[in-house]
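K.L.:
Below you'll find the structure I mean.
What follows draws every value from the coordinates through simple rules; no lab data is involved. None of the values given here were measured: they were computed from a predicted structure. Cβ placement follows ideal geometry from the backbone for every residue including glycine, while neighbour counts extend to all protein chains displayed.
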Amino acid sequence: MIEPDVMLDFLKERRSIRNFLDKMISDKDIEMILEAGRWTPSASNKQPWQFIVIKNKEFLAKIAKTAIYGRFIKKAPLVIAIVGKIKQNPKWYIQDTSLVSMNMMLMAWSLGIGTCWIGSMNREKAKNELGLGKDDFLLTVLPMGYIKGDIPKPTLRKDLEKISKIID
Ligand SMILES: Cc1cc2nc3c(=O)[nH]c(=O)nc-3n(C[C@H](O)[C@H](O)[C@H](O)COP(=O)(O)O)c2cc1C
């Protein structure tokens, strides 16, 4: 178990990173990030997912071109495409793979590796590049890399009183 205060600080400190060092992530770190994905909870434990690790620079550049607000992923040493296998759990593959992305981002952060969720992209184009089919759901392509420059300032969050209520 992790100390609760340490855990909360860790969650608060994570930032989206869009600037990466030109340095490949070690195999050990990649494995840990994939393991964090593998140990994500999923509905009925169906694990309806596949993780595609893209290191090849030319291929990565092709994927970067499919991003709209995310061309910066070209500069990441590595991208992990998180794919939902629709038929393996048609009802929950979106939730399951979304949780995978969070697990991976947090694991990466603990390793000093920055990531940024890419939502703004041409998914069909990216799917084509990745050779995915109609039964595959491309959740996101997560760029990853050791952080270049300063960690961005904390982003704002809505006040807790505004977004929560307690029913006693
Ligand atoms: C579903 C989702 C889609 C996002 N899409 C993009 C995107 O296309 N490009 C980008 O640069 N950041 C994207 N982000 C990152 C958010 O802008 C970022 O998480 C938010 O501003 C809060 O900043 P923080 O992650 O540093 O706390 C996305 C985040 C989420 C959760």
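K.L.:
Rounded to whole Å and sorted largest first, what semi-axes of the equivalent ellipsoid does the C-alpha gyration tensor of the stretch 43-135 yield via the square root of 5 times each eigenvalue? Present the calculation step by step, with values, prior to reporting the outcome.
P.N.:
Values: eigenvalues 97, 61, 23 Å².
Equivalent ellipsoid semi-axes, largest first: 22, 18, 11 Å.
K.L.:
Something else: Work out the P(r) tail for the chain: percent of alpha carbon pairs separated by more than 24 Å, whole number. Don't skip to the end; give the middle numbers.
P.N.:
On the way: 5453 of 14028 pairs.
Here the tail beyond 24 Å accounts for 39 percent of pairs.
K.L.:
So what is the relative contact order of the stretch 76-152, in percent, for Cα pairs below 8 Å that sit 6 or more residues apart?
P.N.:
Values: 93 pairs, mean separation 39.4, N = 77.
In percent, rounded to a whole number, it is 51.
K.L.:
Ok, one more. Rounded to the nearest 0.05, what FRET efficiency is calculated for Ser44 and Met102 with R0 set to 22 Å and r the Cβ-Cβ distance? Provide the component values of the computation, followed by the final result.
P.N.:
Numbers: r = 19 Å, r/R0 = 0.88.
After rounding to 0.05, the efficiency reads 0.70.
K.L.:
Give, as a single signed number, the net charge of other residues whose beta carbon lies under 13 Å from the beta carbon of Asp135, with Lys and Arg counted +1 and Asp and Glu -1. The partial results should precede the final answer.
P.N.:
Working: positive: Lys85, Lys87, Lys127, Lys134; negative: Asp136.
Every neighbour counted, the sum reads +3.
K.L.:
Have a look at Ala67, Ile82, Trp92 and report the one farthest towards the positive end of the charge dipole of the chain, computed about the Cα centre with Cβ charges (Lys/Arg +1, Asp/Glu -1).
P.N.:
Of the candidates, Ala67 comes out farthest on the positive side.
K.L.:
Next question, about the same structure. Cα-Cα over 19 Å: which of Lys62/Lys85; Lys74/Lys127; Lys55/Lys134? Write down the numbers at each step before the final one.
P.N.:
On the way: Lys62/Lys85 23 Å; Lys74/Lys127 17 Å; Lys55/Lys134 25 Å.
From the list (Lys62/Lys85; Lys74/Lys127; Lys55/Lys134), the Cα-Cα distance tops 19 Å for Lys62/Lys85; Lys55/Lys134.
K.L.:
Moving to a separate point now. What relative contact order, as a whole-number percentage, does the chain give when Cα pairs under 8 Å and 6 or more residues apart are counted? Mind showing how you got there, number by number?
P.N.:
Working: 267 pairs, mean separation 53.7, N = 168.
Relative contact order of the chain: 32 percent.
K.L.:
Now for a separate question. Just tell me which aspartates and glutamates come within less than 15 Å, Cα to Cα, of Lys87; anything on the same chain fewer than 8 places away is out.
P.N.:
Partners found: Asp96, Asp135, Asp136.
K.L.:
Find, among the trypsin sites (Lys or Arg not before Pro) in the stretch 72-168, those assigned to loop by DSSP (not H, G, I, E, B) with at most 14 other beta-carbon atoms within 10 angstrom.
P.N.:
Details: sites: Lys74, Lys75, Lys85, Lys87, Lys91, Arg123, Lys125, Lys127, Lys134, Lys148, Arg157, Lys158, Lys162, Lys165; in loops: Lys91, Lys134, Lys148, Arg157, Lys158, Lys165.
Sites meeting the loop and neighbour criteria: Lys91, Lys134, Lys148, Arg157, Lys158, Lys165.
K.L.:
On to the next question. Run down the lysines and flag those whose C-alpha is under 22 Å from the C-alpha of Lys165, throwing out any fewer than 8 positions away in its chain.
P.N.:
Lys12
K.L.:
Using 7 Å Cα-to-Cβ label points, what is the Lys153/Glu31 separation (nm, one decimal)?
P.N.:
Distance between label points: 4.1 nm.
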